[in-house]
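What follows is a short report on a single structure.
The values are calculated or read from the model by the stated rules, or taken from the named source; none is laboratory data. Owing to the predicted nature of the structure, the values given are computational and were not obtained by experimental measurement. FYI the Cβ positions are ideal-geometry reconstructions off the backbone, even for glycines, and counts take in every protein chain you see.
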Amino acid sequence: MIVTGAARGLGRAHALAFAEAGACVVVNDLGVERDGSGGTSAAAQEVVAEIRAGGGVAVANGADVADWDQAEAMIGQAVDEFGRLDTLVLNAGFLRDRMLAGMSEDEWDSVIRVHMKGHFAPARHAIEHWRKRAKSGEDVVARVVNTSSGAGLNGSIGQGNYAAAKAAIAQLTVQQAAEWGRYGVMVNAIAPDARTRMTAGIFYDAEAPEGWDPKAPDNVSPLVLWLGSAWCDVTGRVFEATGGQLNVCDGWQKGPIESVGDRRMSGEEAGELVHRSIAAAPDPAPVYGAS
């Protein structure tokens, strides 16, 4: 199996959990900083060493998951090393926060690239592997776990690029599940709430409290472990997870229909129908950080 962005935080916790459960793990990470700058292979190697020290099986991978050819090679490495790929956990990403009115083209493009294409490219090459196995007559049992975010579900002030990418990942999950079930592939996503490099100092204190820490990344990993296993029997869903709790998240739903009957509405009537439909619908969840 593969975990992307697995050198730190949530990805590291997921990789360790899968290894402890007996999975052979490709630990992918570019080793970049929180804003995507720099890069070192040492970060992934450290997690591999930790897994091997515990008796597990793991190899490091330094692919840029948003690079088409490197993503393909990463899938190939898993198949070459372990004979096949069963589970793909997509977690890699970084932040370049700024209010939308001041955001640069590069700040937008880089975050959209690593999150959106960094989810699509590895999964696209993985489904090619699974589809070939299914078409050869094999009973494929494969799982993809995507990583969305509360920012993608509700928005987050100062993180418009990240929120847009994470919202797209939630919808991509639904799309993949609908298209790939015929090949034995189940696809779900998580919207984790945890203290990591990306959230420390923004949403949470940088230092974890002593004792029970409900925001510890490894609290989310049991859900990811189940979603990535053959025991998982749901697909196309997004789950929030934190501490010892989780909840399923529903996507866009149609609100109450208001009509003027069998004719074209006027502009004035359109405004009246808008307000009537809103009045009969639940209030939307507030955007994080909005006053």
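Being surrounded by fewer than 13 Cβ atoms within 10 Å (Cβ to Cβ) and of a type in the set (Gly, Ala, Ser) is a description that does not apply to residue 236. For segment 203-227, the set of residues classified as aromatic (Phe, Trp, Tyr) and modelled with pLDDT of 85 or more consists of 226 only. Annotation: of all residues in segment 245-273 being of a type in the set (A, V, I, L, M) and within 30 Å of residue 151 (Cα to Cα), the one that is surrounded by the most Cβ atoms within 10 Å (Cβ to Cβ) is 246. Could you tell me whether any residue of segment 203-225 is outside the structural domain of residue 178 (by TED's automatic domain parsing), surrounded by 13 or more Cβ atoms within 10 Å (Cβ to Cβ) and part of a strand (DSSP E or B)? No, segment 203-225 contains no residue that is outside the structural domain of residue 178 (by TED's automatic domain parsing), surrounded by 13 or more Cβ atoms within 10 Å (Cβ to Cβ) and part of a strand (DSSP E or B). Count of segment 246-291 residues, restricted to those that are under 24 Å from residue 168 (Cα atoms) and outside any loop (DSSP other than H, G, I, E, B), is 5. Does residue 58 qualify as being closer than 25 Å to residue 173 by Cα and surrounded by 14 or more Cβ atoms within 10 Å (Cβ to Cβ)? Spelling it out, it is not the case that residue 58 is closer than 25 Å to residue 173 by Cα and surrounded by 14 or more Cβ atoms within 10 Å (Cβ to Cβ). Restricting attention to segment 274-291, the residues that are surrounded by fewer than 10 Cβ atoms within 10 Å (Cβ to Cβ) and of a type in the set (Lys, Arg) total 0. Being over 23 Å from residue 156 (Cβ atoms) and at pLDDT below 95: is that true of residue 255 here? Against the criterion (over 23 Å from residue 156 (Cβ atoms) and at pLDDT below 95), residue 255 qualifies.
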